[in-house]
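The values are calculated or read from the model by the stated rules, or taken from the named source; none is laboratory data. What you are looking at is a predicted structure, and each value in this text was computed from that prediction instead of being measured. Here the Cβ is made from the backbone with ideal geometry for all residues, glycine too, and neighbour counts use every protein chain on show. Quick note on the areas: whole protein, heavy atoms, side chains included, nothing else; ligands and nucleic acids left out. Shrake-Rupley method; radii C 1.70, N 1.55, O 1.52, S 1.80 Å.
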Amino acid sequence: MKIKLFLVLLSVCSGYMVQAAKVDTLQIRSVSMDKEVQTVVILPDKAATQSCPVIYLLHGYSGSAPTWMGIKPDLPAIADAKGIIFVCPDGKNSWYWDSPLVPDYKYETFVSSELVGYIDTSYHTIRNKKGRAVTGLSMGGHGALWNAFRHNEVFGAAGSTSGGVDIRPFPDNWEMSIQLGEQTKYPQNWEEYTVINQIHLLNKGDLALIIDCGEDDFFLEGNQEFHRKLLEKGIDHDFITRPGGHDNSYWNNSIDYQILFFEKYFYKN
């Protein structure tokens with residue numbers, strides 16, 4: 001019996017050794033911002049020999065590159081199980097724009113051009129939009145949709161969880177005025193740099209979209225209006241509300257559904 005038990009344990013341990021996702025913490029050069037940007041890359045075991053799809057995960061306000069690993073510690077196991085690469089850049093408190101007022105904040109250029117280019121040349125990836133998705137939480141949800149809507153030739157799928165999809169009701173929050181100027185002085189910036197006013201850039205079929213928000217979230221109303229506007233434009237999307245607030249517990253759960261959505265998109269295409 002002891003020998004049999006030992007063999008079973010050895011078999012289980014060997015299985016875990018074979019499935020060993022690699023986590024790289026990198027400093028990626030941004031030419032547009034003339035600085036290094038910390039980025040966490042989670043590689044499934046199969047990425048050593050096979051091209052894999054990529055999900056770019058954007059953190060929220062006050063977060064950093066390791067934020068998603070803190071919220072979802074089993075991301076390496078998910079990467080291995082699904083054969084998906086996860087990329088988590090540090091977006092500072094940028095809202096992932098190219099700021100019209102701060103020259104060295106060009107996080108739209110970084111995410112949609114420099115970062116994607118670096119990942120595609122450094123790893124075994126599917127190097128077209130059918131193998132790329134971008135999503136994020138809160139500020140990162142806005143940033144993911146902002147980048148995907150404006151660069152839907154780069155990303156084939158996009159999502160937002162608890163996203164700040166309409167920034168205009170929050171003129172004094174989350175350092176947005178540093179990037180855009182005070183709303184009273186620069187009202188046009190606040191109209192042009194909110195993702196809810198970027199829907200006109202999309203046509204039906206440009207992106208596979210998934211959007212969710214907790215029913216106790218202060219961004220719920222904005223997400224519901226965003227959903228209505230997408231319907232008016234005839235843009236297909238999944239829209240989900242579920243119990244929960246603006247917190248790690250909600251995101252730990254919601255990201256599972258978004259990853260499943262993206263996985264179905266990847267393997268459909």
Query raised in the report: Would you say Phe86 is under 22 Å from Gln198 (Cα atoms), touching a residue at least 40 places away in the same chain (Cβ under 8 Å), of a type in the set (Phe, Trp, Tyr) and buried (at least 21 other Cβ atoms within 10 Å of the Cβ)?
Result: no
Report summary line: Checked Lys106, Lys35 against criteria (at pLDDT 95 or above and either buried (at least 17 other Cβ atoms within 10 Å of the Cβ) or hydroxyl-bearing (Ser, Thr, Tyr) (or both)); the one match is Lys106
Report summary line: Expected output for the stretch 113-141 (first residue under 22 Å from Met33 (Cα atoms) and of a type in the set (Ser, Thr, Tyr), partner part of a strand (DSSP E or B) and open to solvent by less than 10 Å² (accessible area, probe 1.4 Å), Cβ below 6 Å, 6+ apart or cross-chain) is Tyr118/Ile28
Report summary line: Pairing a residue in the stretch 99-111 that is over 27 Å from Val41 (Cβ atoms) with any residue that is among the hydrophobic types (A, V, I, L, M, F, W, C) and surrounded by 20 or more Cβ atoms within 10 Å (Cβ to Cβ), where Cβ atoms lie under 8 Å and the two sit 6 or more apart in sequence or on different chains, gives Pro100/Leu180; Leu101/Leu180
Query raised in the report: Could you say whether any residue in the stretch 226-241 is closer than 24 Å to Trp174 by Cβ, open to solvent by less than 60 Å² (accessible area, probe 1.4 Å), in contact with a Lys or Arg (Cβ under 9 Å, 6 or more places away or on another chain) and at pLDDT 95 or above?
Result: no
Query raised in the report: Counting residues that are closer than 25 Å to His246 by Cα and out of contact with any strand residue (DSSP E or B) (no Cβ under 7 Å at 6 or more places or on another chain), which strands (runs of 3 or more DSSP E) fully inside the stretch 26-111 reach at least 2?
Result: none
**Report entry** Counted residues, the stretch 177-214 - those being under 20 Å from Tyr61 (Cα atoms) and in a loop (DSSP other than H, G, I, E, B)
**Finding:** 5
Report task. Among the numbered conditions (1) free of Cβ contacts under 8 Å to residues at least 60 places away in the same chain; (2) open to solvent by 60 Å² or more (accessible area, probe 1.4 Å); (3) within 12 Å of Thr161 (Cβ to Cβ), tell me where Glu221 comes up short. Result -> (3)
Query raised in the report: So which residues in the stretch 109-163 are open to solvent by 20 Å² or more (accessible area, probe 1.4 Å) and among the acidic types (Asp, Glu)?
Result: Glu114, Glu153
